[in-house]
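What follows is a short report on a single structure.
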Amino acid sequence: MTLQEGAGPVHAPGLDETPLDPALLGLDHEAARCFLAAARCGCFMQAARSLSIKPTLLRKKLAQLAAWSGQPLFVHQGNTVVLSPEGRRLRQLFSARLGLLDLPRAQHEEQPRVRIAVAETLLHDILGRDLLAYLRQHARVRLDLLRLDSTSAPAAEVDVQVWLAPEGPPPDPGFPCDTLACLAPLDYLPHVAKRYSRESSRPRSLLELEDYMLVDLSGQSALEALAPWNRAIAARRSGVTRVNAYEVQRQMIQWSACIGLLPHYVPLIDKNLLALPALFPQPMTLSAWLAVRSEASERDEVQRIVTLVRAAFEERRDWF
């Protein structure tokens, strides 16, 4: 719901006319901060995002402030909500006393930076939607997001890293960390679009695979865990397309009658894709890992990102 400026003069007391203590006695400073954000943004939802709080809490604080004032702060004008005369008076009063009220000018506050590196596959399939929701609800965060591809070395200058590594001993994230956790195993299987492969004619052996175009994600040839697939690619003299982006690989499989190697859970996301487990009986597995830099692990904003990552994988636990 948007807010607009109401019409009519406002006579707000000046600093000398209204002493601080009587004018602000009993004021909830957090409610005043919420009110100024709503008046500044012109929208309750955007004000809540700017303050990184839920809209219900914002409305509760505004109701508390209206009760303190004894008058409504907003009024309806047609399909919009505007500041009432009392709302405009309070906005002027509070704005003049930001320092005395210890109310920061939110648009000028410096926020701590959070640096996160995520494997492209995991960002696209698992974490992307949750990160978008987080940013939508927290408009004032500072986030540096680095995408890791299959060949990327662990990122040294990040606070949180989510990446893929072969099964076995815990991998080195490339920096000192307090948290190093395996989030989930990802079994890799060839996939084809259902529209291009009837059940009676689907390839069930490497020989039958010769009639299909294979799409390979650049960098996967360096991963020993995917050796069976890599050998099939290396043996080809034609019928191979190499791409450097996971999303492009998915599109090639879905729309170009290609067969490509994807995590086993992909058909749960895209019902148009079908796994072909019989082609490679040997398992091809990578594990998703989470690492948190030691010196950043206690910061609230870093802990929120870590909680988001863990919750995203836990929500999809049945995929693995």
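The values are calculated or read from the model by the stated rules, or taken from the named source; none is laboratory data. Computed from a prediction, not measured in an experiment: that's the story for all the values here. Cβ sites come from the backbone with ideal geometry, for glycine too, and all protein chains shown count toward neighbours.
Please verify whether L207 is buried (at least 18 other Cβ atoms within 10 Å of the Cβ), outside the structural domain of D149 (by TED's automatic domain parsing) and among the hydrophobic types (A, V, I, L, M, F, W, C), treating the condition exactly as stated.
Considered against the rule, which asks whether it is buried (at least 18 other Cβ atoms within 10 Å of the Cβ), outside the structural domain of D149 (by TED's automatic domain parsing) and among the hydrophobic types (A, V, I, L, M, F, W, C), L207 comes out as no.
Going by what's in this entry, would R237 be described as basic (K, R) and part of a loop (DSSP other than H, G, I, E, B)?
When the stated conditions are applied, R237 passes them.
Can you spot a residue in region 267-289 that is charged (D, E, K, R) and within 30 Å of R198 (Cα to Cα)?
Taking region 267-289 and keeping what is charged (D, E, K, R), we get 270-271.
Filter again for within 30 Å of R198 (Cα to Cα), leaving 270-271.
Yes - at least one qualifying residue is present in region 267-289.
Count, please, the residues in region 247-265 that happen to be surrounded by fewer than 20 Cβ atoms within 10 Å (Cβ to Cβ) and either part of a helix (DSSP H, G or I) or not aliphatic (A, V, I, L, M) (or both). I'd like the intermediate steps shown before the answer.
Initially, region 247-265 is screened for residues surrounded by fewer than 20 Cβ atoms within 10 Å (Cβ to Cβ), giving 247-248, 251, 254-257, 264-265.
Within this subset, residues satisfying the condition of being either part of a helix (DSSP H, G or I) or not aliphatic (A, V, I, L, M) (or both) are 247-248, 251, 254-256, 264-265.
Qualifying residue count for the region: 8.
Taking region 167-204 as the search range and keeping residues that are of a type in the set (D, E, K, R) and more than 29 Å from the chain's Cα centre (by Cα), which one is surrounded by the most Cβ atoms within 10 Å (Cβ to Cβ)?
Looking only at region 167-204, we keep the residues that are of a type in the set (D, E, K, R), and these are 167, 172, 178, 187, 194-195, 198-199, 202, 204.
Narrowing the set further to residues that are more than 29 Å from the chain's Cα centre (by Cα) leaves 194-195, 198-199, 202, 204.
On the way: K194: 15, R195: 12, R198: 8, E199: 7, R202: 17, R204: 12.
The extreme case among them is R202.
Tally time: how many residues in region 50-60 are more than 13 Å from A39 (Cβ to Cβ) and either exposed (fewer than 14 other Cβ atoms within 10 Å of the Cβ) or modelled with pLDDT of 85 or more (or both)?
Total meeting the criteria: 6.
Does region 96-111 contain at least one residue that is out of contact with any Lys or Arg (no Cβ under 7 Å at 6 or more places or on another chain), surrounded by fewer than 19 Cβ atoms within 10 Å (Cβ to Cβ), over 18 Å from E30 (Cα atoms) and modelled with pLDDT under 90?
yes
List pairs: first residue in region 228-240 and more than 23 Å from D187 (Cβ to Cβ), second residue of a type in the set (A, V, I, L, M) and modelled with pLDDT under 95 anywhere in the structure, Cβ distance under 9 angstrom, at least six positions apart or on different chains.
Once the first residue is more than 23 Å from D187 (Cβ to Cβ) and sits in region 228-240, its partners that are of a type in the set (A, V, I, L, M) and modelled with pLDDT under 95 give G239/M213.
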